Amino acid sequence: MKKSFSIKHNIKGRLRIKISRSSFGQDAYKTLETSLGAIEGVFFVRSNSACRSVVINYDSTVLPLKDLIAFLEARLAGSGLHKPQKVQCQNCEVCSISSEEKLVKPALARFGVLSAVMGGVFLRSTVFGIAVSQTLFSPVGIISTLFSLPLIYDGYKSFKKKKFGLDAFLGGGCIASVLSGQALTALEILWINSGAELLQAWITERSRKSIAGILQATSHHTFKLVEGVEVEVKTEDLKKGDIVVLHTGEKICIDGEIIDGNALIDESPITGRTDFIPRNIGDTVLAGTFVRQGLIYVCADKVGDETYLSRILCQVEDSLKNKAPVELVADRLAKNLVRLGLIATGATYLLTQNIWRAFTVMLVMACPCATVLAASTAVSAAMNAAVKRKILIKGGKYLEQVGTASCVCFDKTGTLTTTEPELVDIKLLKESNAYYLNAEDKNLPEEKAFLQMLVSAESHNHHPLAAAIKHEAEKHGISPIPHTFCEYFLGMGILAEVLGNEIIVGNAKIMRQHGINIQDAAVTAYEKECVHNGQTMLYAAKNKELIALLTFDNIIRSEAKEVIQTLKNSGIRHTYLITGDEYYSAQKLCGKLGIDTFYSSVMPEDKGAIIKELQEKHGSVIMIGDGINDAMALARADIGIAMGDGGSEVAVEAADITLVDDNLNGIVYVHALSKQTIKTVYQNFWIATGSNLAGLFLAAFGILSPVTAGFLHIAHTMGVLANSTRLVYYDVKKNPKSLPQTERS
């Protein structure tokens, strides 16, 4: 049988393969990228369908090469990747994109049954005073045995892989309790364990639902063209090849190609661009963008789970299984407690020759679930707290690492500045009389008179640049004069008639279309300066004559300076600006915001190299960006943080943390949350381990009975869960000790 791929280059942590099948489609490469990206240990994947190659960067300490190859062989076998399926390699499991794994229902069913039995036992023994039989063949004994068997089976599977898991010890302890006539003690242990599983499942499922709500960027219904008639259908019923009709104001729900019509598309959810983009026949549109003006017919190419929004959701959901290093510490600690329990049980019996003391010691140490949950419940609760504030964290390890970094790098446009434009300059080209619409306005300064002319023409335009003009007019208390005529030119500008004057505002195309001369040395020099500074320029004409130039720039985020200072006071020792803007623009911004150092005029491919250089210099590095040009830097950094609302698809997928609402205060929150989470984890370690060791000594000296050992499990497990649950409601402002002095009220 012909191999599905061949290895072309292999060094530690980097693998390049070539796909054997020439018929392997571009969609299949994208699906393969998504599947590989979901594996723990893989941190970067790039495919090239033209060369049939795939490059994978991975952590060989987490994901051995043989397991990666086993996954590739399983994934590439067969006819294609258009129908993702669940595959298993030795150390990892990758879920299909359309997986709807439900964690809460089975955990709730298990806990419900055990709770009902516990309630019945309590009523029988305490309320009615009837003794409860605890033998193997009693109702309590049978139920305890049945619920212990899955744990024994899981332990057996681990033992076959030469691993001694906690499940086997826990199940074995419960079976031993039943055989010794202490079935109620076994039932208590099983009930506590199921309660812990339910809480953890509930927190995780709550996080999934919150994430799904945040990333739900497609409408539930749309219009499909059927035999020339528009028919309203559910978006989930759309198929590849369907013709979808999209009108002004509607949200695009599929990825596809325009086959008829034209429209202005708001692509800010993907590219971060503030201006609306004209799209015509042959152009591609993506799910999650908006039709702001026009009517288009789109042939669906990707629908449902295949759109990029669904790929992001899948990656974030899969990342909930991505353990933090501190969770691995908890696992090792729990396993050490199991070993200690075996030794302590044997030693107690040898020293005391008392089977009940030894049995009680075993019961104390047979349920290290509090230790196992010490880290996982804290991390899950913290990630849920972040989601409530519209911060997506793609795994526990990123939550832990963000609090330990010493260096933060910022992109400029869309990160430290907003994606909303601001009118920053007006260059008047004519004498004063050119800017007055009527004699009554002569009392206004010429710039305010011109601003009134602009806002009168743009009063019904919803374009972001028009909004900037209206906002500037409001600041100066200027009201528009009603226009008698208005016409929008898709992707070019606007023509309006105000008090008999023809006003045109827009780009060079609309000026040339209406025969307005814009060829002038001063105009050209001004335009070059705007382009050099990364600004947007529009022309304004009155009665076929160019009268002014308008300059727009993005606004510095109001919270940016305070956030940077807070991070410095919280332990961040180095701050950098990495931007494609020219030197003086970067220097000016750093001076305003208090950023230590900057790299200017940086090409996208160079940003990753700069991050690598800073990692060698400072250790752990956080990169914060929003655009496609930041993707390499976000992927290279130890922690990549993307601005999700206006961020590009590539940036969001490459990042480890996403600020969905584009608020930089989220960085301060997640930085403080990281530190608080680690603090909570170690508190949980003390609660779990301390009570276990105390119970061990009490049991060894005969002070603790088997029944009391069961209550000990209840006490310390509930203590750990309660302590972790506090993180769900964690608020930085309510915890001033976690902030530097400058942030305290």
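The values are calculated or read from the model by the stated rules, or taken from the named source; none is laboratory data. A quick note: this is a predicted structure, and the numbers were derived from the prediction, not measured. Cβ sites come from the backbone with ideal geometry, for glycine too, and all protein chains shown count toward neighbours. Ligands, DNA and RNA are excluded from the accessible area calculation, which covers all protein heavy atoms including side chains. Shrake-Rupley method; radii C 1.70, N 1.55, O 1.52, S 1.80 Å.
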Keeping all protein chains in position, work out how much accessible area Val408 exposes to a 1.4 Å probe, and write it in Å² to the nearest 10.
0
Only loop residues by DSSP count here, and only those with at most 15 other Cβ atoms within 10 Å; note down the GluC sites (Glu not before Pro) in segment 404-460 that meet that.
Glu431
Using C-alpha positions alone, give me the convex hull volume of segment 498-537 per residue in cubic angstrom.
86
Sites Gln353 and Ala109 - FRET efficiency at Förster radius 45 Å, r taken between beta-carbons, to 0.05
0.55
Run the simple label-point estimate for Asn501 and Thr126 please: 7 Å along Cα→C-beta, distance reported in nm.
8.5
Calculated FRET efficiency for the pair Glu257/Ala521, C-beta based, R₀ 41 Å, to 0.05:
0.45
Amide H neighbours of Ser570 under 5 Å, at least 5 residues apart or on other chains, H built in the peptide plane: list them.
none
Cβ-derived FRET efficiency at R0 60 Å, Arg726 paired with Glu447, nearest 0.05:
0.60
Mind checking segment 533-624 for trypsin sites (Lys or Arg not before Pro) that DSSP puts in a loop (not H, G, I, E or B) and that have at most 15 other Cβ atoms within 10 Å?
Lys544, Arg573
Give me the percent of the accessible area of segment 385-464 that comes from carbon and sulfur atoms, probe 1.4 Å, all protein chains in place.
44
How much accessible area per residue does segment 448-507 have, counting only protein heavy atoms and a probe of 1.4 Å, in square angstrom?
41
What ³J(HN,Hα) values, in whole Hz, does the Karplus curve 6.51 cos²θ - 1.76 cosθ + 1.60 give for segment 398-413 when θ = phi - 60°, with x put for Gly and Pro?
6, 4, 5, 6, 5, x, 9, 5, 10, 9, 10, 10, 10, 7, 9, 5
For Ser459, what accessible surface area do you get with a 1.4 Å probe? Give it in Å², rounded to 10.
40
So which of Lys448/Lys470; Lys239/Lys394; Lys394/Lys675 end up more than 23 Å apart by C-alpha?
Lys239/Lys394
Quick one: which residues, 5+ away or cross-chain, put their amide H under 5 Å from the amide H of Ile547? H built at 1.01 Å from N.
Ala540, Ala541, Lys542
